[in-house]
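One structure is given here, and the rest of the page talks about it.
The values are calculated or read from the model by the stated rules, or taken from the named source; none is laboratory data. What you see is a predicted model; the values in this text were computed from it and never measured. Methodologically, a virtual Cβ is constructed for each residue, glycine included, from the backbone with ideal geometry; neighbour enumeration extends over all protein chains shown.
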Amino acid sequence: EAGLLIPSSPSSSVSVILSQDDLKKIAAYKAVEYVESGMVLGLGTGSTAKHAVARIGELIRQGKLKNIIGIPTSTITHEQAVSLGIPLSDLDSHPVIDLAIDGADEVDPYLNLVKGRGGSLLREKMVESACKKFVCIVDESKLVNYLGGSGLAMPVEVIRFCWKFTAGRLQNLFEESGCVAKLRTSGEKGEPYVTDNGNYIVDLYFKKSIGDLRVASDAILNIAGVVEHGMFLDMATTVIVAGELGLTVKSK
Ligand code: ABF
């Protein structure tokens with residue numbers, strides 16, 4: 001991860017080298033400042049969110065946060081939270097969440113997100129759509145002019161049954177945007193990646209903008225075989241961006 005040279009404070013002439021992971025941690029710690037005792041918290045997934053979960057665990061251990069209930073967005077976050085002693089529950093028991101903190105893969109100027117390159121988009125979307133507040137935490141490499149604009153994957157979770165057929169329909173849907181749909185694989189043998197929910201992920205790559213995001217979202221969800229997609233439209237209430245020039249907090 002490339003080092004970034006940033007001022008240690010706005011008035012300081014002394015600079016420190018921060019890695020991308022440092023930036024993720026700075027954004028995560030800032031987000032945890034929004035957490036209050038007694039909250040039901042959505043616990044995100046990924047290398048940025050894991051810093052927030054670790055910080056919440058630390059504050060609970062220090063007695064600075066009390067009566068927290070965490071709702072994990074993946075099995076891996078569930079395991080991390082258990083190891084930190086964070087009390088956990090689920091959406092069935094707590095259908096309203098006070099605050100969720102989670103990362104993203106892309107953030108557009110309107111705070112729409114692409115999520116799911118980490119594979120947990122379905123549970124993340126279930127948890128984050130049940131939140132009063134959703135604070136998204138990213139380093140500045142995640143900022144894009146439009147969703148899909150990074151040239152990296154926009155993930156779609158699909159059922160395994162005839163996934164090639166579903167991938168083909170997805171690719172055809174965005175033919176004008178130069179879409180290529182690829183099954184996500186993992187491991188040395190290139191086995192299909194399987195989500196926490198037992199499904200596959202088809203990653204969509206675009207050469208051009210997909211246009212109206214709501215239209216695109218509805219069209220994807222209208223394909224039988226699609227479970228959910230990784231566009232999180234109008235869901236983040238705040239995005240915290242850690243970058244070369246410090247922290248930026250963008251709110252709706
Ligand atoms: C989760 O983790 C995902 O929705 C997103 O795919 C990913 C971001 O990962 P990282 O914080 O490791 O860049 O938030």
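What the table shows:
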| item | result |
| --- | --- |
| Condition check for Ala219: more than 16 Å from the ligand (Cβ to nearest atom) and at pLDDT 95 or above | yes |
| Cβ pairs under 7 Å, 6+ apart, first in the range 198-221 and closer than 20 Å to Gly168 by Cβ, second acidic (Asp, Glu) and part of a strand (DSSP E or B) | Asn199/Glu157; Ile201/Glu157 |
| The range 127-139 - residue that is more than 12 Å from the ligand (Cβ to nearest atom) and of a type outside the set (A, V, I, L, M, F, W, C) and, of those, surrounded by the most Cβ atoms within 10 Å (Cβ to Cβ) | Lys133 |
| Pairs where the first residue, in the range 228-252, is closer than 17 Å to Arg123 by Cβ and the second is crowded, with 19+ Cβ neighbours inside 10 Å and among the aromatic types (Phe, Trp, Tyr), C-beta under 9 Å, 6+ apart | Phe232/Phe134; Met235/Phe134; Ala236/Phe134 |
| Where Leu213 falls short, out of the listed (1) closer than 19 Å to Tyr110 by Cα; (2) surrounded by fewer than 16 Cβ atoms within 10 Å (Cβ to Cβ) | (2) |
| Count of the range 82-126 residues which are within 15 Å of the ligand (Cβ to nearest atom) and small (Gly, Ala, Ser) | 7 |
| Any chance Leu152 is touching a strand residue (DSSP E or B) at 6+ places or on another chain (Cβ under 8 Å) and modelled with pLDDT of 95 or more | no |
| Odd one out for Lys189, checked against (1) assigned to a loop (DSSP other than H, G, I, E, B); (2) touching a residue at least 60 places away in the same chain (Cβ under 8 Å); (3) out of contact with any Ser or Thr (no Cβ under 8 Å at 6 or more places or on another chain) | (2) |
